[in-house]
Amino acid sequence: MPTPKRSPNRRAAVIYNPLKVDVLALETAVASAAKEAGWHRTLWFATTIDDAGQLLVAEAITRGATLVMAAGGDGTVRAVAEGLRDTGVPLALLPSGTGNLLARNLDIPLGNLAETVALAFSGVDRMIDLGLASIVRDNGDAEEHVFLVMAGLGLDAKMIAKTSPKLKKAVGWLAYVDAIGRSLPEIKPVKLRVSVDSEPARSVNVHTIIIGNCGKLPGGILLIPDAKPDDGLLDFVALRPRGPFGWINVWNKLAWENGVLRKSALGRRIIDLSRDVKDVVYFTGKDLRMTVETPQQFQLDGDEFGEAKSVHAWVDPGALTVRVPAGSF
């Protein structure tokens with residue numbers, strides 16, 4: 001069989017977390033796919049404690065990368081996306097770890113390395129939005145990060161902080177169920193002031209507030225049904241269970257309505273006829289500012305980011321190019 005002609009100026013880079021991937025298997029699959037596609041030899045970069053991927057992206061582009069693959073967990077994907085923001089260089093996902101949140105929302109196949117590597121070379125490019133979050137600590141220190149899927153303050157962040165790394169490695173996303181159980185004794189409403197799109201701030205009590213660029217979680221849970229990664233908006237959901245059946249109402253809304261009924265035309269009609277569940281509130285916007293009475297746990301794409309006194313979150317429309325299957329999302 002003749003060797004494919006090399007495509008001019010096409011070179012991939014792989015930024016990988018050595019603790020999350022089988023490097024030998026990954027190298028073999030990428031080398032084979034690159035050769036078949038006629039691309040130049042792939043560049044390889046391993047993440048470190050000091051560089052989760054942001055600086056490695058800049059080096060990869062300087063050395064001629066026209067495609068950057070992220071191989072690792074959601075933290076690696078987020079760091080690589082942060083480095084690729086507004087560069088126009090596509091991001092290809094090689095899912096590893098337990099969450100794979102962005103891959104699930106972009107219909108990228110999981111569990112088949114050869115298939116995802118082939119997709120990296122043969123898929124189509126789509127522009128999606130990025131979420132930005134400026135986090136201010138209780139001592140006044142501030143830091144800014146991107147998120148691709150969801151950020152959250154309150155119960156969901158506390159749950160992630162309590163998730164056992166050993167259990168997560170053993171049973172994947174089901175480890176969060178254990179963390180929920182250990183978080184329940186500490187559940188109290190969070191008092192905060194919220195402003196959306198420069199409207200006057202209002203005081204609210206919620207157990208958690210989640211900022212979504214995408215809406216799907218592991219296990220088929222569609223937490224934010226209307227969230228789209230390319231609509232130039234962020235979707236927000238506030239959980240504020242009230243009374244003895246509050247958490248049952250929340251669970252029915254998220255798991256039954258969003259997870260089951262919404263998947264069929266009949267189910268969607270049933271939802272339309274049902275009364276709104278006031279324990280779960282949805283709203284949208286481009287910019288959100290919130291300040292809490294006492295510092296609360298904050299998370300980005302399923303990773304703990306410590307306690308925040310205030311958060312400013314906004315959308316950067318079309319800031320990231322991703323390589324996806326044709327016809328996805």
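The combined condition, being within 13 Å of the chain's Cα centre (by Cα), of a type outside the set (D, E) and open to solvent by 30 Å² or more (accessible area, probe 1.4 Å), is not fulfilled by R126.
Of the residues making up the stretch 62-72, at least one is over 26 Å from G327 (Cα atoms), assigned to a helix (DSSP H, G or I) and open to solvent by 20 Å² or more (accessible area, probe 1.4 Å).
Considering only residues in the stretch 276-315 that are open to solvent by 60 Å² or more (accessible area, probe 1.4 Å), outside any loop (DSSP other than H, G, I, E, B) and of a type outside the set (S, T, Y), the one that is modelled with the highest pLDDT turns out to be R289.
Conditions (1) within 30 Å of M150 (Cα to Cα); (2) of a type outside the set (S, T, N, Q); (3) modelled with pLDDT under 95, marked per residue:
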residue: S7; (1), (2), (3): no, no, yes
residue: A12; (1), (2), (3): yes, yes, no
residue: P18; (1), (2), (3): yes, yes, yes
residue: A37; (1), (2), (3): no, yes, yes
residue: D50; (1), (2), (3): yes, yes, yes
residue: G53; (1), (2), (3): yes, yes, yes
residue: G75; (1), (2), (3): yes, yes, yes
residue: L84; (1), (2), (3): yes, yes, no
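Only one of the listed residues (T62, T42, T28) is under 20 Å from L119 (Cβ atoms) and free of Cβ contacts under 8 Å to residues at least 12 places away in the same chain. That residue is T28. Within the stretch 30-44, the set of residues being in a loop (DSSP other than H, G, I, E, B) and either closer than 15 Å to I61 by Cβ or open to solvent by 40 Å² or more (accessible area, probe 1.4 Å) (or both) comprises H40, R41, T42. Of all residues in the stretch 43-88, which are in contact with a strand residue (DSSP E or B) (Cβ under 7 Å, 6 or more places away or on another chain) and farther than 25 Å from A25 by Cβ? Across the stretch 43-88, the qualifying residues are E82, R85, D86, G88. Evaluation of R240 against the conditions (1) at pLDDT 85 or above; (2) farther than 14 Å from G285 by Cα; (3) among the charged types (D, E, K, R); (4) buried (at least 17 other Cβ atoms within 10 Å of the Cβ) shows that the sole unmet condition is (1). Look at the stretch 98-127: where a residue is under 20 Å from N213 (Cα atoms) and at pLDDT 90 or above and a partner is open to solvent by 20 Å² or more (accessible area, probe 1.4 Å) and among the small types (G, A, S), sitting 6+ places away or on another chain with Cβ atoms under 7 Å, you get M127/G318.
When the stretch 41-70 is filtered for residues that are out of contact with any helix residue (DSSP H, G or I) (no Cβ under 6 Å at 6 or more places or on another chain), closer than 15 Å to L94 by Cβ and of a type in the set (G, A, S), the ones remaining, listed by number, are A46, A60, A65.
The values are calculated or read from the model by the stated rules, or taken from the named source; none is laboratory data. Predicted model, so just to flag it, every value in this text is computed and none were measured. Here the Cβ is made from the backbone with ideal geometry for all residues, glycine too, and neighbour counts use every protein chain on show. Protein only, heavy atoms only, side chains kept; ligands, DNA and RNA dropped before computing areas. Shrake-Rupley method; radii C 1.70, N 1.55, O 1.52, S 1.80 Å.
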